[in-house]
Amino acid sequence: MIPPIVRRMLGLRTPDAFARADDRDWRKLISQDVQRVPAGATGRRRAARSWFNAALIGLLLAGMACLTWFALDEAPAGPRASALRVRTDGWLPEDAVRALAFPSGSSSARDVAAIRQSLEADPQVLGARVRRLADGALEVELRERLAVARLEPVAAPGAVPSIRLLGADGVPFAGAGYPAQAVRNLPLVTDLPPESSGGERRSAGLELAAAFLAAARAGHGQLHAEWQAVSLRDCLDGRTDIPGATFRVIVRPASQPADRPALEEIVFSNAEWNRELAVLAGLRVDELLRRPGMTARGYVLKLHVRNRSQPGTVTMEPRLVPAASR
Amino acid sequence: MSPAAPILLVGVGGAGSSLVGRLAGSLPGTVRCLAVDADAAALAASGVADQVQLGRSSLRGLGAGGETRLGSDAAEAETAELRRRLAGAPVVVLVAGLGGGIGGGATPVLAALAAEAGATVLALATLPFSHEGERRLASARDALVALHRAAHGTVVLRNDALLQLAPASAPVSELFAETGRWISAAIEAISGFFAEGALLPLDPGALRSLLPAPGSRAAFSTGRAEGEGAVLAAARAALASPLHPHGPEAGRHEHLLVQVVGGPGLTTGDCQAAVAALRSELGGDRITLLGARIDAADPASARVSFLAASPAPAAPAPAPAPSPSPRGRKGARAAAPSPQQLFSFAQEENLRRGLFGTSAPNLFNGEDVDVPTYLRKGIRLPSAD
Amino acid sequence: MSKRRTVPLPPRIAAVDIGTAKTVVLVGQVVDRSVRLLGFGERRTEGVVKGVVEDLERLTECVHGAVADAEASAGFTLRNVYASVNGPQVDGERVKGILTVPGRDRRVTVADSLGAAASARRIEPPPGRMTLLYMAQPTLLDGRQVANPVGMTGERLETSFWRVTHEEGSLRQRIGMLNGMSLEINEFLLGSHASACAVAGEGDKRTGCLVLDLGAGTTSWILHYRGHILCAGCVPVGGEHVTNDLCSALRVRRDVAEDIKLKFASAVHHPDDANKTIVKEGLPGGELQFNRATINLVASVRVRELLEQVRQDVAGRLRQIFGRDVDLTPAFLPSGVILTGGASQLAELPVAAGEVFGLPARCAIPATEAAQLRRPEYACVLGLVAAALVNEAPPRRRPAGFWDILRNLFRS
């Protein structure tokens, strides 16, 4: 408003009840000058109380904000709304992850635990870690079951046959996202028992083969590279208590030189394949096959011998047997 | 100073002179009476031997008609005569009804004259009833202020309070008789201060020490009781009397004079007890004087009277700088009373209003509604059992 | 959104009533026609005598204390208040605005009715006084009283108001005092109007009644006639005057007189009380005896004089309004006299009021949930809350957001 000194200079009067205004309403003549902080001792007490209340409310709000921050992790979010960031040590593509995380059947938002569960339900995913980020995106870290072998593709009637791979622990899975090159060199596991060829059921034979192949790949890479397939014909479902339970490794014919008889198969026993692998690694198979007297076209390397005279024992006695005599 | 008549009782105005006339016969010999009025007929009817007629030329034997100005002029006209009559008495007691013209106008003049003559002037003034109208009351208040200034001590008797003294069924004329009785009791007490045969005698100079200078505020009351513990009961009755101002505004007084009149069995101890009771209520911190007298005529009863006074401050504050006189009124000297007198007068007025004494008067339809209704309407209260 | 997510918020109203004997600050909500108490603060008023402020500092302290108490009990800070005005510094007068209806068809429009109201407000109040309020009074169209003239036809439209004015100096003082406590005044309301809102029902106001609020220092009155406020006024005599009279008559101290008044005084004097004695014990001088007839005579004389003064004041105002003498008869005011306020608790007061006014008289207390407030001395402050509601915006309903839920959590 106009300061008093200017008012005096201009000859204006402060509006009061003696002014000749028409109705002299108190609101027009008296402007309320409400002090923000009340005066006096009582005023200070009131201001302190309200300050204290405000501080208390502020603290509570801060506490609730912290709780909310933590709760946001568990808070639900819609499938399309959130971005998805996938990190995996395997080959699973993002849309497959999204399809797994948000199955098309349910439209409501899912929390992180549910997403993780559905991810881990897929046999290709060994373990998943799902985190919700501050901007609402989902971060997924996957550990995948890496394939050690191929399986015969299973085709549902009328559908495209899908790749089937075998993980190191014997669990078959559909290898989504695997590029052809990675799959091509994997050995094939064949002659599965009829029951286990239909579904994804684990079988002990598969476990055995997978373990064996994983170990071979890890420890004896150059040997493993020559193998084409693993046959579980005599595997007897992977039982290790029966001395005759064996499995065969079919060697890739192209890996064999042409000037000597080919090594066609290697037979391992269920129970002792570890030691047999070690023995095989020490064997100079090429020399053995070039010995004079090796006249058959192909040989089978048997790394053990079952002693017929003493059933129940297996001796380590590698022997090359002509392949025709099956 | 003639020991024959140390007290001169002067009745001023119609009310005063008729009162004095009524009392003239019953007063002790130590009291001399004088009636002063302008109304010749009233003077003649008063029955007082010594008379002074005021305003012989101006008023020609008629009354002042309620005009205090006329009254004071008339008194000033007779200054010489009055001086002659007032001389020689150590104590002059003026009795007047301040509502009237002579009473209100002449009394201050007489008080000034008597004080000049060297007497101790005690004024017993009555204020008109509330239902006599505000105008009379207002002029009485002005006269009271002037009287305060002139007399050594002024005791105000409010007629409203006097009303409460009379029995409920008494007619109005009885009220005046009641006033007379009161004044006679006062005179008796005062004269009794100096009478012979006192147990504890006082001399007239004592009164002077009580009322050293003009302008003291004084209070007087008397009480009577009989029987066992009569003296203390009489003291309490004096305090409880309606004429004695009561309440927080009554204040305390610095000087106290107590007179005890009792039967032959009166002891100093009784007197001291009475004095203690009075002091607790009234003060009397600077001077307390006790006079006691045996009255063989009425052995069983006791009478206690007191006169309490607060002298005006010894060194009056320097008068406030006179405000510049309004233009066109050169030489006009406002006869406004000094602040002290107004203050003491105001205190007197406030006593009527009780708890609202110090607040602004509350006028509704011209009446001060703070004053208790029963006082204003003159309603007599039944006496307490 | 489901229905339970909206928040009905009846407005919270803080009312301050500064009287001669006590200052009350009430924070309330109006719920279903009764006042729900949220916060309450009361202090003995110091510095006010007979309704006029004598010592502003002490008054400020005591009002501030009451405000702080009310805030503490309500649990939130007060920012806006409604204050009551009462006492000899408040005056009222009737202002009338006349408008000739323009237009060929003589139909009254909204602009016309507003114009009539504006012309009423153009009348200048007496010098040194400020206008506080306008209270609606009947609108006359061609001499006929109408509720709403808009749309009707007529030639002459008269709108009148009862305008309440206040002395400037004391008004500025009051505003300054409340502003210093960081309170903004929404509106000033007339104390007698507030008391009438608390104790007189709609039916009483419609038929016509005279409401008297007998306080400690002042007695304020308001006259309702045919549903409108006709006039209001104040007589500067209250319960304190009765105490003072008793003090002077019985020659006792103020607190003893007050005690005697509360226990024994009556507005009607019975001659056969003369022999009954009241003994008051516990006094410093021992016990004292009083005659009951004295007590009743003194009290009844004073109360009758007060009622008579009110009657004269009412008659004077009515003469101003109607231009002729109007008798207070039951035909004029069927609902009679309604007495409230602290001093109305005097025994047999309705009888005395009935005799003085010639109207049926009764005492009334305000209706409220809180039992401690169902006393006549709180009629003014309770009525303030109810009367202020007219001023407030209608209660809001809106979807409860996060902050609302949070706020409601802290509101008990």
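For the reader, a short list of remarks on this structure follows.
- Residue pairs meeting the criteria (Cβ under 6 Å; at least 6 apart or on separate chains; first free of Cβ contacts under 8 Å to residues at least 24 places away in the same chain, in the stretch A:135-151; second surrounded by 15 or more Cβ atoms within 10 Å (Cβ to Cβ)): none
To keep it simple, each residue is scored yes or no on (1) modelled with pLDDT under 80; (2) within 22 Å of B:Gly153 (Cα to Cα).
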| residue | (1), (2) |
| --- | --- |
| B:Gly197 | yes, no |
| B:Ser209 | yes, yes |
| B:Arg217 | yes, yes |
| B:Ala233 | no, no |
| B:Leu256 | no, yes |
| B:Gly269 | no, no |
| B:Leu278 | no, yes |
| B:Arg286 | yes, yes |
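- Summed over the stretch C:133-174, residues that are outside any strand (DSSP E or B) and within 14 Å of chain A (Cβ to nearest Cβ) total 7.
- In the stretch C:74-85, the qualifying residues are those that are open to solvent by 10 Å² or more (accessible area, probe 1.4 Å) and part of a loop (DSSP other than H, G, I, E, B), and the one that is nearest to C:Ser220 (Cα to Cα) is C:Arg79.
- Listed by position, the strands (runs of 3 or more DSSP E) contained in the stretch A:91-194 that have at least 2 residues being open to solvent by 10 Å² or more (accessible area, probe 1.4 Å) and modelled with pLDDT under 80 are A:147-154, A:162-167.
- Here the stretch C:57-73 is the region considered, the condition is being open to solvent by less than 20 Å² (accessible area, probe 1.4 Å) and either under 19 Å from C:Leu389 (Cβ atoms) or in contact (Cβ under 8 Å) with a residue 60 or more places away in the chain (or both), and the residue that is nearest to the other protein chains (Cβ to nearest Cβ) is C:His64.
- Residues in the stretch A:8-31 that are more than 7 Å from every other protein chain (Cβ to nearest Cβ), at pLDDT below 70 and either under 20 Å from C:Arg174 (Cβ atoms) or surrounded by 13 or more Cβ atoms within 10 Å (Cβ to Cβ) (or both): A:Thr14, A:Pro15, A:Ala19, A:Ala21.
- In the set C:Leu288, C:Leu250, C:Leu307, C:Leu318, only one residue is out of contact with any Gly (no Cβ under 9 Å at 6 or more places or on another chain) and either hydroxyl-bearing (Ser, Thr, Tyr) or open to solvent by 30 Å² or more (accessible area, probe 1.4 Å) (or both); that residue is C:Leu288.
- When residues of the stretch C:187-205 are limited to those that are acidic (Asp, Glu) and touching a helix residue (DSSP H, G or I) at 6+ places or on another chain (Cβ under 9 Å), the one farthest from the other protein chains (Cβ to nearest Cβ): C:Asp204
- Whenever a residue of the stretch C:43-56 is open to solvent by 60 Å² or more (accessible area, probe 1.4 Å), its partners that are in a loop (DSSP other than H, G, I, E, B), lying with C-beta atoms within less than 6 angstrom and at least six residues away or across chains, give the pairs C:Glu54/C:Gly47.
- Looking across the stretch A:222-270, just one residue is basic (Lys, Arg) and over 22 Å from A:Leu151 (Cβ atoms), and that is A:Arg260.
- Contact map, the stretch C:353-371: residues that are without any contact (Cβ under 8 Å) to a residue 24 or more places away in the chain paired with residues that are outside any loop (DSSP other than H, G, I, E, B), Cβ distance under 7 Å, separation 6+ or inter-chain. Pairs shown: C:Gly354/C:Ala361.
- Number of positions in the stretch A:38-57 that are loosely packed, with under 13 Cβ neighbours inside 10 Å and more than 60 Å from the chain's Cα centre (by Cα): 2
- Residue in the stretch A:58-67 that is without any contact (Cβ under 8 Å) to a residue 60 or more places away in the chain and surrounded by 14 or more Cβ atoms within 10 Å (Cβ to Cβ) present: no
- Qualifying residue in the stretch B:106-113 (condition: open to solvent by 10 Å² or more (accessible area, probe 1.4 Å), out of contact with any strand residue (DSSP E or B) (no Cβ under 6 Å at 6 or more places or on another chain) and not in a helix (DSSP H, G or I)): no
- Just so you know, in the stretch C:262-275 the residues that are within 15 Å of C:Ala293 (Cβ to Cβ) and either facing chain B (nearest Cβ under 9 Å) or in a helix (DSSP H, G or I) (or both) include one that is nearest to the chain's Cα centre (by Cα), and it is C:Phe264.
- C:Arg104 more than 14 Å from every other protein chain (Cβ to nearest Cβ) and basic (Lys, Arg): yes
- Residue in the stretch C:175-186 that is within 11 Å of chain A (Cβ to nearest Cβ), in a helix (DSSP H, G or I), over 27 Å from C:Tyr225 (Cβ atoms) and in contact with a strand residue (DSSP E or B) (Cβ under 7 Å, 6 or more places away or on another chain) present: yes
- Residues located in the stretch B:25-50, provided they are touching a residue at least 12 places away in the same chain (Cβ under 8 Å), within 22 Å of B:Ala186 (Cβ to Cβ) and open to solvent by 40 Å² or more (accessible area, probe 1.4 Å): B:Ser26, B:Pro28, B:Gly29, B:Arg32, B:Gly47, B:Ala49, B:Asp50
- Selected residue (only one of B:Ser241, B:Ser221 is modelled with pLDDT of 80 or more, crowded, with 18+ Cβ neighbours inside 10 Å and of a type in the set (Ser, Thr, Tyr)): B:Ser221
- Residue match in the stretch B:35-53 (condition: in a strand (DSSP E or B), modelled with pLDDT of 85 or more and within 30 Å of B:Ser209 (Cβ to Cβ)): yes
- Criterion applied to C:Ala120, C:Ala116, C:Ala136 was being in contact with a strand residue (DSSP E or B) (Cβ under 9 Å, 6 or more places away or on another chain), touching a residue at least 12 places away in the same chain (Cβ under 8 Å) and surrounded by fewer than 14 Cβ atoms within 10 Å (Cβ to Cβ), and the one residue passing it is C:Ala136.
- Scanning the stretch C:140-192 for residues that are over 26 Å from C:Thr23 (Cα atoms) and among the aliphatic types (A, V, I, L, M) yields C:Leu140, C:Leu141, C:Val146, C:Ala147, C:Val150, C:Met152, C:Leu157.
The values are calculated or read from the model by the stated rules, or taken from the named source; none is laboratory data. The structure displayed is predicted, hence computed values, not measured ones. FYI the Cβ positions are ideal-geometry reconstructions off the backbone, even for glycines, and counts take in every protein chain you see. To get the accessible areas, we keep the full protein, side chains included, count just its heavy atoms, and leave off ligands, DNA and RNA. Shrake-Rupley method; radii C 1.70, N 1.55, O 1.52, S 1.80 Å.
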